[in-house]
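The values are calculated or read from the model by the stated rules, or taken from the named source; none is laboratory data. Note that the structure is predicted; figures quoted are calculated from it, not measured. Every residue, glycine among them, receives a Cβ derived from its backbone with ideal geometry; neighbour counts consider all protein chains shown. The area values use the complete protein model at the heavy-atom level, side chains included, leaving out ligands, DNA and RNA. Shrake-Rupley method; radii C 1.70, N 1.55, O 1.52, S 1.80 Å.
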Amino acid sequence: KGNVKIWVRRGGPNFQEGLNMMRETGEKIGVPIQVFGPEDNIVGIVPRALGYAGADGDADLQVGEIKYSEFSQTSDAGAGEPAPKPLFHEETESIIYGLQPRAVQEMLDFDFLCKRSKPSVAALVFPFSGNH
């Protein structure tokens, strides 16, 4: 009815049990769900979910092909009301907490594909060690 599809990438302890539970729940409630384990990279999953790649994950994206506007929220504002600023836009920045080098690299790769002028990663915070 609502054209909802769920894409999950999960790793960590008991990931196989978690993925099986998610898959079974999707079947039970009738919502299409695609589940992936740690062997699949999120960079390969997201293009498939967005329709940029086939089932094998090969996207063959060209620089600038993905636009940030494709990930903006739609406005529910009525006539005469100003549209709210999208949740994510060309100037969105993030602060990454914890040691997440792979996530940061994937964000920077996405920025490059979008021809973003300023990186979306503003800072990395890793409070579990001394200054470096």
Hey, for a label at Glu90 modelled as a point 7 Å past Cα toward Cβ, could you say which residues of the stretch 102-121 have their backbone N under 19 Å away? 108-121
Separation of the Gln16 and Gln105 label points, Cα + 7 Å toward Cβ, nm: 2.7 nm
For a quick check of your reading of the filter: which trypsin sites (Lys or Arg not before Pro) in the stretch 1-47 sit in a DSSP loop and have no more than 11 other Cβ atoms within 10 Å? Lys1, Lys5
Could you order Thr92, Thr25 so the one with the most accessible surface comes first? Probe is 1.4 Å. Thr25, Thr92
